[in-house]
Amino acid sequence: MDEAMKKRSLAMKKFPWFLFAMAMLLPLTACGGSGGNAPKTTPASGDMVEVDLPSGWILISGTDMHGVDLADFICHAEKFELGDPYLQAQEYFGGIEAAQAVLESEDPYGAYAGAKELANGIWYLAENAAAAQLGEKALIVKGYQCDFESDEVQNILGSLRWIQ
């Protein structure tokens, strides 16, 4: 047998093992390895809203934070301490058009980024706040050291819902 035929014969013997190895790897990627595109979340409830939180975020009700139930705080921390980044969610009593106008004015919430469709509706986004009409109420979410253009914050916004 010449050298070329020996190489082909050896390659043909290795090929089934290669297929076997690939078949063994396929279930690992299908079961949520790095191939999954949806982050794992945990539902949380406050005084006013419910939200699905990614790892590293907590919800603190306004009652627990300040003793009043006018806003809920979604904090980027395992246990909130003064100075940690947070989102403050509350009803905007002026309605969604007024909230959008405030965000477009770029005062006091920074540069207006426009409207974006998220899982729960259209959100009007600024540098440090966002607003949406959820059901019959307008919701404004103000932020402290949070990036409203990040996927993480937008996933949080898109999961917000009023407590009935």
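The values are calculated or read from the model by the stated rules, or taken from the named source; none is laboratory data. Just so it is clear, the model here is predicted, and its values are computed rather than measured. Every residue, glycine among them, receives a Cβ derived from its backbone with ideal geometry; neighbour counts consider all protein chains shown. With ligands, DNA and RNA removed, areas are computed over all heavy atoms of the protein, side chains included. Shrake-Rupley method; radii C 1.70, N 1.55, O 1.52, S 1.80 Å.
Listed values, structure above:
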quantity: Surface accessible to a 1.4 Å probe, Glu97 within the full protein complex, Å²; calculated: 130
quantity: Heavy atoms of Leu53 accessible to a 1.4 Å probe, total area in Å² rounded to 10; calculated: 10
quantity: Nitroxide proxy distance, nm - points 7 Å out along Cα→Cβ at Thr63 and Gln145; calculated: 2.9
quantity: Largest to smallest accessible area among His76, His66 [probe 1.4 Å]; calculated: His66, His76
quantity: Per-residue SASA entry for Ser55, accessible area with 1.4 Å probe, Å² rounded to 10; calculated: 100
